[in-house]
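Structure first, then comments.
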Amino acid sequence: MQHKLIRKIFHILFQILNIIFVGIILTLTAIAIFKPSLIEQFIGWMEKQIHLLGNWNYFIAFTSSIIESFPVIGVLVPGQQIMLIVGGFFGKL
């Protein structure tokens, strides 16, 4: 009985997460279509933050890759996307 209840709870939680992610994707798509200047401003802000952090960027990239390899927490940290973003910004510098 408990096993079925736990399974139902996880099923509901995953449905809620799916709805949240779809909402985020639709919002970002609408912003990209109708207000691309906001994305450009955000990228400019990220570049400033990367320059301010200096060599700490390497520590952040290393830490995120280590956290990604943990069994439970690794699911929550999208390490591949973080590495692509970090590599893109480091390549641009």
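Here MET46 meets the list (1) surrounded by 10 or more Cβ atoms within 10 Å (Cβ to Cβ); (2) in a helix (DSSP H, G or I); (3) more than 15 Å from the chain's Cα centre (by Cα) almost entirely, failing just condition (3). Scanning the stretch 8-21 for residues that are at pLDDT below 90, among the basic types (Lys, Arg) and over 16 Å from the mean Cα position of the chain (by Cα) turns up nothing. The set of residues in the stretch 30-42 being out of contact with any helix residue (DSSP H, G or I) (no Cβ under 9 Å at 6 or more places or on another chain) and surrounded by 11 or more Cβ atoms within 10 Å (Cβ to Cβ) consists of LYS35, GLN41, PHE42. Being over 15 Å from the mean Cα position of the chain (by Cα) and either at pLDDT 85 or above or assigned to a helix (DSSP H, G or I) (or both): is that true of ILE82 here? In short, no. When you look at THR27, is it β-branched (Val, Ile, Thr), farther than 23 Å from VAL86 by Cβ and without any contact (Cβ under 8 Å) to a residue 60 or more places away in the chain, yes or no? Spelling it out, THR27 is indeed β-branched (Val, Ile, Thr), farther than 23 Å from VAL86 by Cβ and without any contact (Cβ under 8 Å) to a residue 60 or more places away in the chain.
The values are calculated or read from the model by the stated rules, or taken from the named source; none is laboratory data. Predicted model, so just to flag it, every value in this text is computed and none were measured. Using ideal geometry, Cβ is built from the backbone for each residue, glycine included, and neighbour counts are taken over all protein chains shown.
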